[in-house]
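The values are calculated or read from the model by the stated rules, or taken from the named source; none is laboratory data. Computed from a predicted structure; not experimentally measured. Virtual Cβ from ideal backbone geometry, glycine too; neighbours counted across all protein chains shown.
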Amino acid sequence: MFNDKRGLAMTASSQDAVDAFDSCVDEFLASGRDAALLLKKVSDVDPEMIMGQCLRGYFQRLPAQAHLAAQSGDSLANAQSLTATASEREQKHVAALAAWCDGDIRKTTALWDEILLDHPRDILAMRLAHTMHFFLGDLAQMRDSMARVMPHWTEDLPGYGFVLGCRAFTFEETHEFEPAERLGRRAVEINENDIWAGHCVAHVLEAQGRRQDGIVWIDEHETAWQKRGIFAHHMWWHRALHYLELERFDDVLAAYDRQFWTEPSEDNIDICNAASMLMRLDMLGLDVGDRWETVADVSANRIAPLQQRLRPFNDLHFMMALAMAGRRDEAETLLASMRDFRDSQDNEDATITPTYRDAGIPIAEATLAYAAEDYSRVIDIMRETRYHMVPLGGSWAQRDVWVRMFLHAAIKDGQHGLARALLAERTADNPSSAPSWKLYADALDQCGDADTAGTARARAAELLAA
Ligand SMILES: [Fe+2]
């Protein structure tokens, strides 16, 4: 037995192997580009290190890409062949990977949380539980999981900042913005490479509509975060959201072309960034040119086989791209594949099956209807489904694209009373959005309330002049 840098016992052939494992985990925590390379180093040093095999399996499942996920069974088999000499903690990691490969992601997260009861400094279990609670929209579990480990961490422990960043994000997603911002900023002070903590602060500034602060926050750390991996693109997407709300539409398109969709990408984060920004622009009536095409091209690679149905949240972004690019046949194929996944007996107990049923498939149908200009159908679906979206995972800011779709359907369908009501919600929740105030003014005019419309329009002008 050897120890990792936080004193956790590790089954390995040498301290070098454990040190290589630590380096790989550090890179993963910082969303670095070299995690795969560093994992290879772990297997070069110790091909029979059980946690190395688990980590490989985790890395193959995390991106939610079928060709990688298909390889995770081999990593699991390797890890299972090594359990005889492994500790109880390591055996639980193997069981967690097995449950994940089996589609029982909630059992997986429960096992990581169980590991953390006895080993709250297992930073890998902590970060994985955090990430997958987030992906499942299990916000209370995400918050509690981090609250439980915090008393076991002090600032002198390696990796403390990463833990603080995750704790901060749990506050943000449960709308406790003050501690979220304070802890997130502190984590970035400790380690500027902690882009996940930086992302937490970006979310606070987005949720509070602090547009200039939000832009400055990302500008200030751009040099450091540029050196991180693909997740940095999501930060540039966040900055572009602020441009959007300030009606700096040329800047949004420039960020799209030069920062977060510089070329077609197979990465789900990239595809989601691109599709959801184009959707926002398109719904506001802006010309996005032929930009839907390349996003639809990569989305078309993910439509048919059931093995591709790994995360309804991602599927809905593929759907957006295909439907809005006018590629209806491919969009229908994707929808059929989502329904087949829901109906397949093999998936009866899969964690994501109810999410496909309650949110994934209805919103996919609504997206197709939106693209077909069948706005009343969008309204029929989204009126209820908007309240069942949290299990899709992703952030409030990301899921907002479907709330916007509901709103724009109401406007386009001439349902002015509904549009006025939705915009009353929206301007109350986020009073610094100039486009929302303008839309609100239009809806109020349509409802014959010219006085209030004038006040709403003045508010938009005030925001844009600031
Ligand atoms: Fe985000």
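Among the candidates Val94, Val45, single out the residue that is in contact with an Asp or Glu (Cβ under 7 Å, 6 or more places away or on another chain) and more than 30 Å from Cys200 (Cβ to Cβ).
Val45
So is Ala274 modelled with pLDDT of 95 or more, under 17 Å from the mean Cα position of the chain (by Cα) and either crowded, with 23+ Cβ neighbours inside 10 Å or not in a helix (DSSP H, G or I) (or both) or not?
The answer is yes for Ala274.
Residues are listed down the side, and each one gets a yes or a no for (1) touching a residue at least 24 places away in the same chain (Cβ under 8 Å); (2) surrounded by 23 or more Cβ atoms within 10 Å (Cβ to Cβ); (3) closer than 30 Å to Asn314 by Cα:
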{"residue": "Leu97", "(1), (2), (3)": "yes, yes, yes"}
{"residue": "Arg106", "(1), (2), (3)": "yes, no, yes"}
{"residue": "Glu114", "(1), (2), (3)": "no, no, yes"}
{"residue": "Asp118", "(1), (2), (3)": "yes, no, no"}
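Mind checking which residues of the stretch 408-466 are touching a Gly at 6+ places or on another chain (Cβ under 7 Å) and buried (at least 20 other Cβ atoms within 10 Å of the Cβ)?
Ser433
Considering only residues that are within 16 Å of Ala397 (Cβ to Cβ) and among the hydrophobic types (A, V, I, L, M, F, W, C), look in the stretch 152-184 and name the one that is surrounded by the most Cβ atoms within 10 Å (Cβ to Cβ).
Filtering the stretch 152-184 for residues that are within 16 Å of Ala397 (Cβ to Cβ) and among the hydrophobic types (A, V, I, L, M, F, W, C), the one surrounded by the most Cβ atoms within 10 Å (Cβ to Cβ) comes out as Ala168.
Just one of (1) of a type in the set (Asp, Glu); (2) touching a Gly at 6+ places or on another chain (Cβ under 9 Å); (3) in a helix (DSSP H, G or I) trips up Glu330, so point out which.
Status for Glu330: all satisfied but (2).
Tell me which residues, restricted to the stretch 52-79, are free of Cβ contacts under 8 Å to residues at least 40 places away in the same chain and surrounded by fewer than 18 Cβ atoms within 10 Å (Cβ to Cβ).
Correct list: His67, Leu68, Gln71, Gly73, Asp74, Ala77.
Could you tell me whether the stretch 290-297 includes any residue that is among the small types (Gly, Ala, Ser) and assigned to a helix (DSSP H, G or I)?
Within the stretch 290-297, one or more residues are among the small types (Gly, Ala, Ser) and assigned to a helix (DSSP H, G or I).
Does the stretch 257-271 hold any residues that are of a type in the set (A, V, I, L, M, F, W, C), in a helix (DSSP H, G or I) and more than 20 Å from Leu205 (Cα to Cα), and which are they?
Within the stretch 257-271, Ile269, Ile271 meet the criteria.
One line per residue, one yes/no per condition, for (1) surrounded by 15 or more Cβ atoms within 10 Å (Cβ to Cβ); (2) aromatic (Phe, Trp, Tyr); (3) closer than 20 Å to Asn430 by Cα:
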| site | (1), (2), (3) |
| --- | --- |
| His234 | yes, no, no |
| Trp261 | yes, yes, no |
| Ser265 | yes, no, no |
| Met283 | yes, no, yes |
| Leu310 | yes, no, no |
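Based on this model, can you work out whether Phe134 counts as surrounded by fewer than 21 Cβ atoms within 10 Å (Cβ to Cβ), within 16 Å of the ligand (Cβ to nearest atom), within 20 Å of the chain's Cα centre (by Cα) and outside any loop (DSSP other than H, G, I, E, B)?
Against the criterion (surrounded by fewer than 21 Cβ atoms within 10 Å (Cβ to Cβ), within 16 Å of the ligand (Cβ to nearest atom), within 20 Å of the chain's Cα centre (by Cα) and outside any loop (DSSP other than H, G, I, E, B)), Phe134 qualifies.
Looking only at the stretch 51-81, how many residues end up being among the aliphatic types (A, V, I, L, M), in a helix (DSSP H, G or I) and within 20 Å of the chain's Cα centre (by Cα)?
3
For the stretch 147-256, which fully contained helices (runs of 4 or more DSSP H) count at least 3 residues that are more than 23 Å from Asp400 (Cβ to Cβ) and more than 16 Å from the ligand (Cβ to nearest atom)?
160-173, 177-190, 211-226
Give me the helices (runs of 4 or more DSSP H) completely within the stretch 359-438, filtered to those with at least 1 residues that are under 21 Å from the mean Cα position of the chain (by Cα), among the acidic types (Asp, Glu) and within 16 Å of the ligand (Cβ to nearest atom), ordered by residue number.
Filter on the stretch 359-438 gives 396-412.
Yes/no per residue for (1) touching a residue at least 24 places away in the same chain (Cβ under 8 Å); (2) within 18 Å of Leu29 (Cα to Cα); (3) of a type outside the set (Ser, Thr, Tyr):
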| site | (1), (2), (3) |
| --- | --- |
| Arg182 | no, no, yes |
| Asp194 | yes, yes, yes |
| Gly198 | yes, yes, yes |
| Glu206 | yes, no, yes |
